[in-house]
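In what follows, a single structure is set out as structure tokens and then discussed.
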Amino acid sequence: MEHDEGTSNPSNNRPFRDVLKDYASRRQVLRGGLTLAAGSFLAGPLSAAASSAPAAPSRKIGSRLIDFQPVPLAQGNGPLPAISADYDYQVLIPWGTSLTHNVPDYSGAPDARPGAAEQAQQIGIGHDGMWFFPFRRSSTRGLLAINHEFGTNSTVLGKAAPESLADVMTSQHAHGISVAEIRKTGRGWELVKDSMYNRRVHGRTPVEFSGPVAGSEYIGPEAGAMGTLNNCANGYTPWGTYLTCEENFNGYFGTSDPNWAPSEEQARYGLSANGFGYGWHLFDERFDLAGGSHPNEENRFGWIVEVDPFNPDALPVKRTAMGRFKHEGVALVEGRGGRVVGYMGDDERFDYIYKFVSAGNWRFMRSQGLSPLDSGTLYAARFNDDGSGEWLELSLRNPAIAARFSSEAEVLTYARIAADLAGATPMDRPEWTSVGRDGTVYCTLTNNSRREEADAANPQAPNPDGHIIRWRDSNRHVGRRFTWEIFLLASSTHGGERSLASPDGLWVDPENRVFIQTDGAQKDGLNDQLLVANGNQSGDDIEIKRLLTGVTDCEVTGITVTPNRRTLFVNLQHPGNGDPAVTNFPAAQGSGAIPRDCTLVITRKDGGIVGS
Ligand code: FEO
Ligand code: CA
Ligand code: CA
């Protein structure tokens, strides 16, 4: 979702004063720095799919890495997707597809939307981050864990505001995640209905808390805690679990109490009396900011939530050691000493990029019955204008943080404020992160229309079209220093076939193909899109090809592949913004059906590796 709300960072971590005058020559310097860093970086990240087979070797890097016919600018718009002439797509699991035979599939008919009971057994809305968990190493059968970020009242309910608790419950059931068994047959990919693994986790599912904030006053009392919301991007662990990330949770809260005013902490997380207009607080006191019976409810959201897709009985666990903010996603890699390291964006204007480092070797911790995600160190990034960077520890060991907070639980609950105090660099809306095989970390910075002062890491003011930054950490991901450069300024692509804006979804494959998904107004007449860039290149002319454009008014987001990388899954979110007059996709044009969020299964016509 391209969410355009106010800035909630009042800190003075304002951009550097010295805007670099010669951007090109500076980047040349940085490129040299990255190359040097590469020599000392030996530990590869987790493979593209931790639980999957090594990918088959591809053609030589640097020759024809990206060898498909791109979708031409002139074809990248309209009510239907457009895909490269070398590729095919099929539609899978649109919103309302039933996971069981107990309730019917929703057809998209405007007068027959699912109710709360049906929705709890159907695929949710707002398809976003996802991951394919193969059965053994299969590339034809596995579990797709998929986020359902949001759905407006007008689309989910067919009205502007809920009129009952049942309406609110329908909306809550449409959020969260689905776990769906899928398989490839002679007719293509299909959902396995009634699979023992099929599961919905939604806004009313019981959840657990773990890590330093569990049991603390900031979220307690925890009995009866439930729900995960605004599940944006995702991650996955080397032990085979799914991580779903809670982003704009503030939008679901509100109050009718005219005497309510946000605390400093609530304001920093964007909580307001009207929220985003969902109106849940009118019928569900849990979301009433002035309600007395759930005083900590808003602190129970904004976390990374671990779900075991292979164990439908296990409760989702909110991993509080990774901090509370508007989590976009998390890219988890194995660093020095077997520690797991997670790179995370906080998607708001002038908010930060974070890193979590587990306290110990993840295999050892798990052998002791400990979660590697329950204890560790949280950092926020400072980008210096000379191409160096520093990870700032967010703990009571920092005197500025200790002067404001009294416990680790408090620091993690209000991680944004701790990062303000530590002096992190305010970024242009950090979205997805991804780590290449050589250890280079990429992060999309989608846009920032309100930036007034440029700095080296956010070099455009304002920045309506976004950019992508990349860096290499020291000491195999666990160090406190890094070296960074700008990979791509979206504005540099406009007016030509490479045109893109507002990069958001991101995945770097093992050969450094950088898959870029967009969310926001595109230039040159385009719908939102999926492109593939050459991560082995630098400079203003890097190779970028358009693999897919979505339908009018949809975001293209979520990306995962089968272990053999012959099948790619991506999502179309909020097609036509729910308006059947714009598009009826995936139903036939002219059918009158409500356009529905869905997954596209993408393959090369010649059966080759996707992106090639
Ligand atoms: Fe849910 Fe920042 O995208
Ligand atoms: Ca976005
Ligand atoms: Ca996003």
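Things worth noting here:
- Those residues of region 503-534 which are small (Gly, Ala, Ser) and surrounded by fewer than 24 Cβ atoms within 10 Å (Cβ to Cβ), in sequence order: Gly520, Ala521, Gly525
- When the residues of region 239-259 are filtered to those that are in contact with a Gly (Cβ under 9 Å, 6 or more places away or on another chain) and part of a loop (DSSP other than H, G, I, E, B), the one that is surrounded by the fewest Cβ atoms within 10 Å (Cβ to Cβ) is Asp257.
- Restricting the first member to region 465-480 and to residues that are at positive phi and buried (at least 22 other Cβ atoms within 10 Å of the Cβ), and the second to residues that are aliphatic (A, V, I, L, M) and modelled with pLDDT of 95 or more, the beta-carbon pairs closer than 8 Å and six or more apart or on different chains are Gly466/Leu445; Gly466/Ala490; Gly466/Ala501; His477/Val333; His477/Val341; His477/Val357.
- Subset of region 99-150 (residues that are within 16 Å of ligand 2 (Cβ to nearest atom), touching an Asp or Glu at 6+ places or on another chain (Cβ under 8 Å) and assigned to a loop (DSSP other than H, G, I, E, B)): Gly126, Glu149
- Among the residues of region 340-375, just one is within 16 Å of ligand 1 (Cβ to nearest atom) and basic (Lys, Arg), namely Arg349.
- Any hit, region 144-153, residues being of a type in the set (Val, Ile, Thr), under 15 Å from Ile93 (Cα atoms) and touching a residue at least 40 places away in the same chain (Cβ under 8 Å): yes
- Residue match in region 177-189 (condition: within 16 Å of ligand 1 (Cβ to nearest atom) and either more than 21 Å from the chain's Cα centre (by Cα) or buried (at least 19 other Cβ atoms within 10 Å of the Cβ) (or both)): yes
- Looking across region 311-339, the residues that are within 12 Å of Thr433 (Cα to Cα) and within 16 Å of ligand 1 (Cβ to nearest atom) come down to His327, Glu328, Gly329, Val330, Ala331.
- Filtering region 60-99 to residues that are in contact with a strand residue (DSSP E or B) (Cβ under 9 Å, 6 or more places away or on another chain) and of a type in the set (S, T, N, Q) leaves Gln69, Gln75, Asn77, Ser84, Gln90, Thr97, Ser98.
- 1 or more residues closer than 24 Å to Thr241 by Cα: qualifying helices (runs of 4 or more DSSP H) within region 348-427: 362-367, 408-413
- Test: Ala409 is surrounded by fewer than 24 Cβ atoms within 10 Å (Cβ to Cβ) and either basic (Lys, Arg) or within 25 Å of the chain's Cα centre (by Cα) (or both): yes
- The lone exception for Glu265 - which of (1) part of a loop (DSSP other than H, G, I, E, B); (2) more than 15 Å from ligand 1 (Cβ to nearest atom); (3) not small (Gly, Ala, Ser) it fails: (1)
- Taken over region 565-612, residues that are assigned to a loop (DSSP other than H, G, I, E, B), of a type in the set (Ser, Thr, Tyr) and under 21 Å from the mean Cα position of the chain (by Cα) amount to 1.
- Members of region 314-339 that are more than 16 Å from ligand 3 (Cβ to nearest atom) and closer than 17 Å to Ser210 by Cα: Ala314, Leu315, Pro316, Val317, Lys318, Arg319, Thr320, Ala321, Met322, Gly323, Arg324
- Only one entry in Gly215, Gly254, Gly186 is at pLDDT 95 or above and over 30 Å from Phe405 (Cα atoms), namely Gly186.
The values are calculated or read from the model by the stated rules, or taken from the named source; none is laboratory data. Source: prediction; values computed, not measured. In this analysis, Cβ positions are derived from the backbone assuming ideal geometry, glycine residues included, and neighbour counts consider all displayed protein chains.
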